[in-house]
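Okay, so here's the structure we're looking at.
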Amino acid sequence: MDEGVTYHDFSDVSKAFAVSGLEMRSHKGRSVFQVDMEGKVHYLKRYWLVGSQLFQRHVARGLHELRMIDWLNHQGFAGPKVVCRGEGRCMGIFTKLFFLMEQVEDELPLEATWRNNPEGAAQLLNELAAFTARLHEASFIHTDFSERHILVGGPVGKRTFRLIDVERATIGQGHPQRWANDLATLVASVVDHRLQSLLREEFVDLYIAQRSTLSSGDDFRRLFKQATPTKNF
């Protein structure tokens, strides 16, 4: 499928759109492929303008996701490791976009990290709460903050977190209800009932303790209880 693919195949948009790999998701105007290249796993996202969906503008969503990725990577956080990107225009309008992301070794989705080390859940929650508080303090809201979109690396006590699938994310004036919705989305994404209980109780308290700009922890707890997940799981 992706035999013989090299970085040269992503030197321009037309070449990148000719690359094949393992199809993961494909919609009208958007696709994601896994491409194994030079001994590493990569994920290729492609967006294109579809005449019947001009107002949905998949390309615009892709450009937004790249802006969110660049913001994370330049602000001391970590987004996907983008190794190649390209844009196509016609009469000044973006018509195609791609970016190629390299899978970082020794990182696992949060769901797998919990599953592999259940006795370390409390320590992991503490580190995740500190990370989430720092993220929200910086006015970044993921809007799809689920355990499959948070990659975990590093040793216990020095965990690193990488956010992926940030095309719905926003940056700007923080709003407590939207912070609470991010946390509610994380809770809803977790299948393990024991972990769900920890997230609803201990995680929220740990998060509040790390927030320097919250006017009231009690007010935020009330907002969290009323919060609506931004996605169904």
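The values are calculated or read from the model by the stated rules, or taken from the named source; none is laboratory data. Since the model is a prediction, treat every value here as computed from it, not as a measurement. FYI the Cβ positions are ideal-geometry reconstructions off the backbone, even for glycines, and counts take in every protein chain you see.
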**OP:** Could you grab me the full set of residues in the range 63-94 that are crowded, with 18+ Cβ neighbours inside 10 Å and at pLDDT below 95?
**Re:** Gly88
**OP:** Give the range 201-217 a look and list any residue that's modelled with pLDDT of 90 or more and either at positive phi or exposed (fewer than 15 other Cβ atoms within 10 Å of the Cβ) (or both), or say none.
**Re:** Asp205, Ala209
**OP:** Assess whether Gly92 counts as being outside the structural domain of Pro155 (by TED's automatic domain parsing), touching a Lys or Arg at 6+ places or on another chain (Cβ under 6 Å) and over 25 Å from Arg148 (Cβ atoms).
**Re:** no
Subject >> Odd one out for Gly157, checked against (1) at pLDDT below 95; (2) of a type outside the set (Val, Ile, Thr); (3) in contact with a helix residue (DSSP H, G or I) (Cβ under 6 Å, 6 or more places away or on another chain) >> reply: (3)
Original post:
Restricting the first residue to the range 215-233 and requiring it to be hydroxyl-bearing (Ser, Thr, Tyr), which pairs with a second residue that is in a loop (DSSP other than H, G, I, E, B) and surrounded by 14 or more Cβ atoms within 10 Å (Cβ to Cβ) meet a Cβ separation below 6 Å and a spacing of at least six or different chains?
Top reply: Thr230/Thr143
